[in-house]
Amino acid sequence: MQRRDAIVIGGGLNGLTAAACLARAGADVLVLERNATPGIAAGYEVAPGFRLPRYSLGTSNLPARLVADLELTKYGLRLLRLDGGVSLFPNGSSHASYRDGVIHRRELSRFSLRDADNWTRYRRDMLAAVHRLRPLLSRVMSDPSRRSFANLRRLLSAADALAAMRANELHDMTRLWTLSAADFLAGYFETEEVKTHLAAAALAGATLGPYAPSSARFLLRPFMDETVGASGGAPATVIPVGGPEAIAAAFVADIKAHGGEVRTEAEVTDIVLRRGEARGVALANGEEIYARAVLSDLDLKRTFLALFPWKELPEGFVERVGRFRMRGITAKVNIALDAPPLFPGVAEGCPALLGGIRLANALGGMDRAIDDWRDRLPPRMPMVEALIPSLVDRSLAPEGKHVMSVCVHGVPETLHDGPWTAERRDDLTDLVVTRLAEQSPGLRDRILALETLIPADIEAEIGLTSGDFAQGEETLDQMFFNRPFAGMSGHETPIRNFYLCSASGHPGSLVAGGAGANAAAVVAAALGKRGAHAPA
Amino acid sequence: MLLPDRSFDAIVIGGGHNGLVAAAYLGKAGRRVLLLEASPNLGGPLATAEITPDYRVSTGAHLIDMLPRRVEKDLKLAKHGLRYAARYVPTIALNPTNGHLVLSRRKRDLELLRKKSPRDADAYLAFTKRMRSHAALLSPFLDETPFALGGEGARAAFRKIVWRSQRLNAASREALLHDLPGSIGDLLDDTFETSILKGALALEALLGTVAGPFDAGTVLRSIYRKAQRLAGIGTSMPEGGMGAFIDALAAAAMDMGVAIRTSSPVARILVEDDIAVGVETAAGEIFHAPLVLSSAHPRATMIGLLGANRIDAGLAARLSRASTRGATAKLNLALSGLPTIQGLAPAEYGARLIVAPSLADVQEAYAQSKQGLFASNPVMEVTIPSVADPTLAPPSHHVMSILIQYVPYEAAGGWADSRDRLIDRVIETLSIYAPDLKSRIIAGELLLPADLERKFGLPGGDWHHGELRADQLLMHRPVPALAQYRTPIAGLYLCGAGSHPGGGVTGMAGRLAAKAALAERRRA
């Protein structure tokens, strides 16, 4: 009987990262992907000859360190890093993010000299906070509720680290982690456009509005990739050369080069259990594959509620999994255009447009959109992000034509008063096109093809429970040692030899691939391999 | 030469309950103390005032539940006239459809809940036990001056917290780590299924805050309030309203030799070489003392009375960023008789009545307040103090005191047109429970957050002189540099609700500030 070292269920970014790390550590690893292509930014044709990522806006959160550590460039990956996009406001004004600090300050000074001055302080404070946070993200979380000598030592050293901080430093850190984005930004900036732009870039896809306490920490997100990723407070937009599949292709090449294997159209239906231990997986076609360790890149709920017979799980466990909050909030609209879209609100030739646009409501409107979502109302004024990757990569659309990748945030998975009927989907699509057309006159007439995917479609196609891209809401009670919940934050699960490597584990979606790398380190240690590298 | 009646050992600015408590403790320690209050009356929002002649009610807060037994005893408040019309006032969640719910761990009361949901009755016992255990961990910190961050004591203090946490068993520790960062709404949703129970517990946790039920930090706040209650005397109603409590405090202070002057607003704090030497009133009178304690809002004290030029720019900026917002209004009604609340037993009319039928109602009220609207279905805490205390109204007549949660500081379109609509809305909502309420109303008085600000110097209408949230609690309150009550100006101390442990009728900020001031003087 052939037995692998490790099987990874699901070829999402975390699954591929875990596999790449394990393969590098010398493990014989097999990735099993249900769909025809691994999941991240899977490309597709919205119309013949028009290619774009089917589920995601782009790939803006692929950390440069991950690319470097896994030597993905060696396997053919080339990334174009662009500016962080431009926010377009209903009153016709706009505010853009630039990677070049001088240009970005000049952009800010169009609104307020004071804001331009404070930008330096803001950026410095955010980078300092990221610096402090980073070691926590690449660390496997211990369970602080468990009593052990090692744990006590960790807690005491954490206490000492807090004590060593200056009073105001600790106060500022507390503010960043507990305040609302609106309150936090008000401590730096006076202009509504500036604050809205920063909040919109950071809170896109989050389940907290800018007035919600603890939403300020999302402002760190654009600064996570501090070397190359930050672009004036928005995440730099990243476009892979060769289309959306180029990233997955590089991962697959990397895994293969290190002796691993990636199999597509291989749907895992069950975990093979012997005496309560995971021994392998069973595929939809009846095949069983055995391994010393099984990692799941599926979210917590799908992993445990779909792959296991519930009676094999410890008492109370299914209920805890059930309580893990997952709610989709983002819909995707894919558009083929027969001419380049015009945005009169942005100066012609402005490079910021390449990084995408955001139709941002004022802070109050953003907040209301989240309240509506919470009440499961059909969106009225959702936040809309749009990227036109064909402006940069001409191979994505026929000559003179373009593709537009659109994310709509604030779309509930289910509606309070009934199903998502065809009519309601059309209303959503129409709302999005109308909002885009307000900034881009004539857009409607340029549309050749268009497709809308609501959270339920995303769940059906790529298995994310409720269509939640974060694989679990990132509220403070579902982060760090509480992710997915206390006692399971170390990627190990109640089932021996079975590990969680998806973003349902620490550090969630905060660092793309982070959970995969952390889980790989745990598994490599368990397999006795020479320590997987944990990029962060 | 200094005139003897112009020179004191200590001056206390502000005659709210914290100012009075601070003055009394200083007097008790043998200091000659002068207390200066700006308005003609002591107590600020803690007062008993007439709604209309012969109908008296507590202006702001209407119950005492966090006053530490120790303060009550130290200041001999009973001797100085404090009587309670009611002790251990029960809390009842009013149900618009069927069966009100008494929130209590008593078997008899739990049966009511068990009828709705046997699961919830068990969960209620576990939940209250769990919150109590969290609160017990916090409560020692409420009884002491916060330690200074970044200082020598910080390492020992943080380590002490770790050691304390080791005493908990694994389950309690896990529960604490899970609960602490979360929202009360999520926690209640995870724990209970009965909507009336969830609504009432949410309101209890959120009353007096601007945060919504699903906001992070609301469990922390709830635990904090619970910890304050642990040391308190139990929910009580002073005979004669909250003004009587203030009268007793004032009597205690005067008994300890404190000189009290009302209608004497302080214009500035006098400083020589970064040392406080006294105060000057708006009328130009000058009083000298080596100790000045201010119970005014920290920002009003440090920037208004002292002057921003006397403190460093960083501290001034931090103070100006400190958040002080209120979303709780008060409606007081004079009634020609006791309204009939359907389904409420006669003995229960004296209870604290909660009107928050579900979490969704609480969330909706919050969402509307963010848009500058008051709720379509307001959530409220209601008492009828005259049931237990007939001195408040003419025979068989009554007064009703209503705290309305989530009333925005600024109304969309301005408050001028909205005041009456808010009153109507509140009365309509209460009429669901008491259909004859409307016919019994003789007079009413509404205090919006902005009224509280204007009348009592509570910026933003915040009852607590600064929101009770993680960045403004304990060693962060009001800002780290001022968390030990002392200020960069030697001899000047903060003693109001803006300091640890914050608002609520506890007097603890006054007590701890007096203690800190006395300790420092001894050392000097």
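The values are calculated or read from the model by the stated rules, or taken from the named source; none is laboratory data. The structure presented is a predicted model; accordingly, all values stated were derived computationally and were not measured. Note that we place each Cβ from the backbone using ideal geometry, even for glycine, and neighbour counts take in every protein chain shown.
Screening region A:117-140 for residues that are of a type in the set (S, T, N, Q) and part of a helix (DSSP H, G or I) and picking the one that is farthest from A:VAL522 (Cα to Cα) gives A:ASN118.
Of the residues B:LEU180, B:LEU249, which single one is touching a residue at least 24 places away in the same chain (Cβ under 8 Å) and more than 30 Å from B:LEU34 (Cβ to Cβ)? Of B:LEU180, B:LEU249, the one residue that is touching a residue at least 24 places away in the same chain (Cβ under 8 Å) and more than 30 Å from B:LEU34 (Cβ to Cβ) is B:LEU180.
Considering B:ALA259, B:ALA252, the condition of being out of contact with any Ser or Thr (no Cβ under 9 Å at 6 or more places or on another chain) and surrounded by fewer than 24 Cβ atoms within 10 Å (Cβ to Cβ) is satisfied by B:ALA259 alone.
When every residue of region A:56-77 is checked against the conditions, none turns out to be at pLDDT 90 or above, part of a strand (DSSP E or B) and within 20 Å of the chain's Cα centre (by Cα). Scanning region B:325-336 for residues that are surrounded by fewer than 22 Cβ atoms within 10 Å (Cβ to Cβ) and either among the polar types (S, T, N, Q) or not in a loop (DSSP other than H, G, I, E, B) (or both) turns up just one, B:SER336.
Scanning region A:238-265 for residues that are under 30 Å from A:LEU108 (Cα atoms) and surrounded by fewer than 24 Cβ atoms within 10 Å (Cβ to Cβ) yields a single hit, A:VAL238. Checking each residue in region A:382-420 for being closer than 30 Å to B:SER369 by Cα and out of contact with any strand residue (DSSP E or B) (no Cβ under 9 Å at 6 or more places or on another chain) picks out A:PRO412, A:GLU413, A:THR414, A:LEU415, A:HIS416, A:ASP417, A:GLY418, A:PRO419, A:TRP420. Applying a threshold of 6 Å to beta carbon distances and a minimum spacing of six or more residues, or different chains, the list of pairs starting in region B:119-145 at a residue that is farther than 23 Å from B:SER183 by Cβ and ending at one that is not small (Gly, Ala, Ser) reads B:ALA121/B:LEU110; B:ALA121/B:LEU113; B:ALA121/B:ARG114; B:THR145/B:GLN484; B:THR145/B:LEU512.
Just give me the residues in region B:267-288 being touching a Pro at 6+ places or on another chain (Cβ under 9 Å) and under 19 Å from B:ILE311 (Cα atoms), in sequence order.
In the first step, residues of region B:267-288 are kept if they are touching a Pro at 6+ places or on another chain (Cβ under 9 Å); the result is B:274-278, B:281-283.
Listed by number, the residues that qualify are B:ASP274, B:ILE275, B:ALA276, B:VAL277, B:GLY278.
Within region A:492-505, none of the residues are in a helix (DSSP H, G or I) and touching a strand residue (DSSP E or B) at 6+ places or on another chain (Cβ under 6 Å).
Within region A:461-511, the set of residues being free of Cβ contacts under 8 Å to residues at least 40 places away in the same chain and touching a Gly at 6+ places or on another chain (Cβ under 6 Å) comprises A:ASP477 only. As a summary of the residue check, A:GLY328 satisfies the conditions (1) at pLDDT 95 or above; (2) surrounded by fewer than 17 Cβ atoms within 10 Å (Cβ to Cβ); (3) part of a loop (DSSP other than H, G, I, E, B) except for the one numbered (2).
Of the helices (runs of 4 or more DSSP H) that lie entirely inside region B:414-477, those containing 1 or more residues that are farther than 14 Å from B:LEU331 by Cβ span B:437-440, B:449-456.
Please find, within region B:346-360, the residue that is farthest from A:ARG374 (Cα to Cα) out of those that are within 14 Å of chain A (Cβ to nearest Cβ) and surrounded by fewer than 23 Cβ atoms within 10 Å (Cβ to Cβ). Of everything passing the filter in region B:346-360, B:SER358 is farthest from A:ARG374 (Cα to Cα). Within region A:188-214, the set of residues being farther than 22 Å from A:VAL86 by Cβ and among the hydroxyl-bearing types (Ser, Thr, Tyr) comprises A:THR207, A:TYR211, A:SER214. Among the numbered conditions (1) part of a loop (DSSP other than H, G, I, E, B); (2) modelled with pLDDT under 95, the only one that B:GLU520 does not meet is (1). Of the residues screened, A:ALA201 is one that is small (Gly, Ala, Ser), surrounded by 19 or more Cβ atoms within 10 Å (Cβ to Cβ), touching a Gly at 6+ places or on another chain (Cβ under 7 Å) and more than 10 Å from chain B (Cβ to nearest Cβ). Of the residues contained in region A:214-221, one or more are found to be of a type outside the set (A, V, I, L, M, F, W, C), in contact (Cβ under 8 Å) with a residue 60 or more places away in the chain and within 9 Å of another protein chain (Cβ to nearest Cβ).
Any idea which residue in region A:433-454 is surrounded by the fewest Cβ atoms within 10 Å (Cβ to Cβ), counting only those that are in contact (Cβ under 8 Å) with a residue 12 or more places away in the chain and among the small types (Gly, Ala, Ser)?
Top of the filtered list is A:GLY442.
Of all the listed residues (A:ASP457, A:ASP468), the sole one being closer than 14 Å to A:GLU413 by Cβ, surrounded by fewer than 22 Cβ atoms within 10 Å (Cβ to Cβ) and among the acidic types (Asp, Glu) is A:ASP457. Listed by first and then second residue, the pairs linking a residue in region A:265-293 that is farther than 11 Å from A:ILE9 by Cβ to a residue that is modelled with pLDDT under 95 and part of a strand (DSSP E or B), with Cβ atoms under 7 Å apart and 6 or more places separating them unless they lie on different chains, are A:TYR290/A:ARG3; A:ARG292/A:ARG3.
I need a count of the residues in region A:141-185 that are more than 9 Å from every other protein chain (Cβ to nearest Cβ), surrounded by 14 or more Cβ atoms within 10 Å (Cβ to Cβ) and not in a helix (DSSP H, G or I). Total meeting the criteria: 2.
Inside region B:25-43, residues that are within 12 Å of B:SER263 (Cα to Cα) and of a type outside the set (D, E, K, R) make up a count of 7. Restricting the search to helices (runs of 4 or more DSSP H) fully inside region B:122-221 and requiring at least 3 residues that are closer than 27 Å to B:VAL479 by Cβ, within 13 Å of chain A (Cβ to nearest Cβ) and touching an Asp or Glu at 6+ places or on another chain (Cβ under 9 Å) gives B:152-166.
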